[in-house]
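Read through the structure below, which is laid out as structure tokens, and then see the notes.
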Amino acid sequence: MIAGGPDYYPGGGQASPSFSFRATHVRLAGEGDLLARLEALRKQLKAEGLFQLQGQLRRPALPKTIGVVTAESGAARRDLLAGLERRGWGGTVVWAFAPVQDRHAAPAITAAIQDLAAQPQVEAIVVTRGGGSLADLWAFCDETLCRTVAMLRVPVVSAVGHERDSTLIDDVAAIACSTPTHAAEAAVPLDCGTARLGLERAAAVLSRAAEGAVRARTPHLVALARGPARALRRERLALNQKTREIRAASERGIAGRLGFQRRVAGVVLERAARRAAGAEMERRRAALHRAEVALRAHEPERTLERGYALVEDRQGEPVTDVSAASAAERVKLRFADGTVGARIEENR
Amino acid sequence: MSEKPESYEAAVERLEQIIDRLDSGQAGLRETLELCGEGRDLVTYCTAELDAVGEGLKELKLDELAANLAASTEAGGA
């Protein structure tokens, strides 16, 4: 754009008249001006680190509710819905319609984004419109709008214009898409149909794993299951054995007791016998004593004690008659207290 | 389910870990059965999440959503 004014020279004797335009200021206008301002703002926002903030937010793979800022009547709306349905996604779309192309657009879009972000159910926000000139898309390069998006805690998916168009909102958004269809895929990263198939496969794997793990161990489990029965059988055998042993032992015990009783009886009998024998001995002893007394009554000593004397020859044989005494000539007279010699002197 | 997964992605990630572990063949019987139980819970959770967005796309205008929210808040508060 050039500022200045026309100038007219009427001419003179030596000069022709002329008409000219005097330019006083020159500056870039139209797209050139917009591009220059956009570039300056882009540098500034980037320097402030606003391009990274949205990218750090977690984008849910399967949001249940997404907010969309777009024009109420437009191809973008239709394309986005088609994209979501192709995903097999049947969640809730919350529309926040806003003008997308005039001087009221930027504040209206900013307000719509903020309102959507204020709803706790809204898990992602899509901002979209169709293609146009840079001037048409200029609202999406608005500084306030872009700062708002950058600072938002809800991820924003931008799909403004066509592939060749680059607006500032694309730089600050969590993800920039070239078309509303792509924006649908970015807002709902999960293809629900594929996800269902994946889950069915996972469920099958789990069932197989559980059954397989059990089946692989079935022989072992069967062996383990037999274990108790085997142990039971073993115990039963052991028990039977013990029972037999106990029975045998008890029989032995009875026998033993019998033997014991017999032994006891033997001892008792023996004692009785011994006692009986003692009595017999006593009796015999008494008899013996009586015999002894009787014998002693007959002993020569007893007779000698009574004053008799025993006549013995030189060999100690008793001299019991006269002829024996005459023949012996010399005899011994045995008294109770001793013996004296004597001579047979005369015969009668 | 012992605890609700943090998100669908977290559930799927854990599910994949479980399946990798099961595929490795290194899990013992007890671990296998536990993993299968946990995996089934995760599949149930993920299926419920998919079902929640599987009944057809619903469209609301922002002011309708705000009105619904206000009504439910009032009902909840009453």
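Points to keep in mind about this one:
- Peptide B:59-70 has a mean shielding of 5, counted as Cβ atoms of other protein chains within 10 Å of each residue's Cβ.
- From phi via Karplus (6.51, -1.76, 1.60), per-residue ³J(HN,Hα) for the stretch A:232-246 in Hz, x at Gly/Pro: 4, 4, 4, 5, 5, 4, 4, 5, 4, 4, 4, 4, 4, 4, 5
- Residues A:Asp171, B:Asp51, sorted so that the one with the fewest Cβ neighbours within 10 Å comes first: B:Asp51, A:Asp171
- Think of the protein assembly as shown as a dipole: +1 on every Lys or Arg Cβ, -1 on every Asp or Glu Cβ, centred on the Cα centre; then among A:Phe51, A:Val68, B:Ala70, B:Ala70 lies furthest on the positive end.
- Footprinting exposure proxy for A:Ser73, A:Ser326, A:Ser178 (fewest neighbouring C-beta atoms within 10 Å first): A:Ser73, A:Ser326, A:Ser178
- At most 10 other Cβ within 10 Å, DSSP loop - trypsin sites (Lys or Arg not before Pro), the stretch A:1-82: A:Arg27
- Placing unit charges on the Cβ atoms only, positive for Lys and Arg and negative for Asp and Glu, gives the stretch A:25-190 a dipole magnitude near 360 debye about its Cα centre.
- Pairwise centroid distance, computed over Cα atoms, of the stretch B:1-32 with the stretch A:32-91, Å: 34
- Viscosity 1.306 mPa s, temperature 10 °C, Stokes-Einstein D of the stretch A:12-122 from Kirkwood C-alpha radius, µm²/s: 85
- Quotient of Cα Rg and 2.2 N^0.38 Å for the protein assembly as shown, N being how many residues it contains: 3.09
- Only one residue of B:Gly56, B:Thr44, B:Leu22 has its Cα farthest out toward the positive end of the dipole of the stretch B:8-77, where Lys and Arg carry +1 and Asp and Glu -1 on Cβ, and that residue is B:Leu22.
- The stretch B:67-75 - phi-based ³J(HN,Hα) in whole Hz, Karplus 6.51/-1.76/1.60, Gly and Pro as x: 5, 4, 5, 4, 4, 5, 5, 5, 4
- Within straight-line cross-link reach of A:Lys64, lysines at Cα separation under 25 Å, skipping those fewer than 8 residues along the same chain: B:Lys4, B:Lys58, B:Lys61
- Dipole of chain A, positive end: most advanced residue of A:Gln14, A:Val94, A:Gly132 [Cβ charges, Cα centre]: A:Val94
- As a rough footprinting exposure proxy, the listed residues A:Phe140, A:Phe19, A:Phe260, A:Phe97 were ranked by other beta carbons within 10 Å of their own, and the order from fewest upward is A:Phe19, A:Phe260, A:Phe97, A:Phe140.
- In a DSSP loop and with at most 12 other Cβ atoms within 10 Å, the GluC sites (Glu not before Pro) in the stretch A:33-102 are A:Glu48, A:Glu72.
- Over chain B: helical MRE at 222 nm, DSSP H runs n ≥ 4 each giving -39500 (n - 2.57), nearest 500: -25000 deg cm²/dmol
- Here the label points at B:Thr44 and A:Met1, each 7 Å from Cα along the C-beta direction, are separated by 6.8 nm in the simple model.
- Sequence-distant contacts, meaning Cα pairs under 8 Å at least 6 residues apart, place the relative contact order of the stretch A:25-190 at 30 percent.
- Total charge dipole magnitude, the stretch B:8-77, about the Cα centre, Cβ charges on Lys, Arg, Asp, Glu only, Debye to nearest 20: 140
- Mean shadow area of the stretch B:8-77, taken as a quarter of the surface of its Cα convex hull (nm²): 7.2
- In nm, spacing of pseudo-spin labels at B:Leu29 and B:Lys61 (7 Å Cα→C-beta vector): 6.5
- Only Lys, Arg (+1) and Asp, Glu (-1) charged, at Cβ; the protein assembly as shown dipole about Cα centre in debye: 3800
- Extension gain, A:Glu72 back to A:Thr339 (0.36 nm per residue minus Cα-Cα distance, nm): 78.1 nm
Read-outs throughout are calculated quantities, based only on the coordinates presented, and are distinct from any laboratory measurement. Computed from a predicted model, the values in this text were never measured in an experiment. Every residue, glycine among them, receives a Cβ derived from its backbone with ideal geometry; neighbour counts consider all protein chains shown.
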